[in-house]
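Here's the structure we're looking at; comments come further down.
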Amino acid sequence: MGTIAREFKDKPNILYSLWNEPNGDMTPEGKGNYERAWESWLKIGIKIAQSIRDEDPKAILLVPGGRLWGRNLSYYQSHPFPFDNVIYNVHDYWAPAGYPYSRDMWTWVVGKYPLIVAEFGGVSGGRGTYNGEEDVRYVKEVIDIVNSKPLLIHYIAFHFSGCREGQNAPCLFMGNVNNPSALSGRGQVIFDDLQTKPPTKFR
């Protein structure tokens, strides 16, 4: 990551994501012990961040949610990531009954730190195409949260195109992205939002 930062340090529009969905199985010492895995991730994440900052002191760091596959940012309430110029990075997917997830685990960030919803998706969880009424409603809820603080929070339209109807993936475009009729239900919500809201500006 230091090498990458050295190459791109003169470009002000680069975001450096430190890791994707750290979880208990990502390190040998973490298997079966999430707290130990999280401690390992933090040590590595801080080293990665420092290697970037050594090359580019102003680099913007994307810091991931570290629990429940990127959904939960609660740890940072009492332990902010020890660098400035940080954007917290959350993933928001529907969770089945009994799964210990609620949006309170990341919405506490809104208004306190810059936040990006780097992945978010529907409800189907293998029960459809991610484009039913529940899926569209779920995506609208995320966008409403984003639009409540447009200078501090934004989203990434993850998994943009290339899916086929009936395929179990949360694509925004079914098939060809250049074909407007190929918009999925979720894709139409995001397309409409991007037509009516100005781009987010992180300050």
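For region 140-189, taking the residues that are of a type in the set (F, W, Y) and surrounded by 18 or more Cβ atoms within 10 Å (Cβ to Cβ), the one that is modelled with the highest pLDDT is identified as Y155. Within region 70-104, if we keep just the residues that are among the polar types (S, T, N, Q), in a loop (DSSP other than H, G, I, E, B) and within 20 Å of L42 (Cα to Cα), the residue that is farthest from the chain's Cα centre (by Cα) turns out to be N85. Considering (1) loosely packed, with under 12 Cβ neighbours inside 10 Å; (2) at pLDDT below 95, the lone condition that W38 does not fulfil carries the number (1).
For region 48-69, a tally of residues being part of a helix (DSSP H, G or I), under 21 Å from the mean Cα position of the chain (by Cα) and either β-branched (V, I, T) or surrounded by fewer than 20 Cβ atoms within 10 Å (Cβ to Cβ) (or both) returns 2.
The numbered conditions (1) within 25 Å of V86 (Cα to Cα); (2) modelled with pLDDT of 85 or more; (3) surrounded by fewer than 19 Cβ atoms within 10 Å (Cβ to Cβ) are all true for L115 except (3). Residue-level analysis places G70 among those that are touching a strand residue (DSSP E or B) at 6+ places or on another chain (Cβ under 9 Å), within 24 Å of N13 (Cα to Cα) and of a type outside the set (V, I, T). When region 77-94 is filtered for residues that are under 18 Å from E119 (Cβ atoms) and not acidic (D, E), the ones remaining, listed by number, are I87, Y88, N89, V90, H91, Y93, W94. G32 meets the conditions (1) surrounded by fewer than 16 Cβ atoms within 10 Å (Cβ to Cβ); (2) at pLDDT 85 or above; (3) outside any helix (DSSP H, G or I) in every case but one. The failed one is (2).
Counting only residues that are within 22 Å of T196 (Cβ to Cβ) and modelled with pLDDT under 85, which one in region 122-137 is surrounded by the fewest Cβ atoms within 10 Å (Cβ to Cβ)? Looking at residues that are within 22 Å of T196 (Cβ to Cβ) and modelled with pLDDT under 85, I get E133.
The values are calculated or read from the model by the stated rules, or taken from the named source; none is laboratory data. The structure presented is a predicted model; accordingly, all values stated were derived computationally and were not measured. Ideal geometry is used to build each Cβ from the backbone, glycine not excepted, and the neighbour counts take in all protein chains shown.
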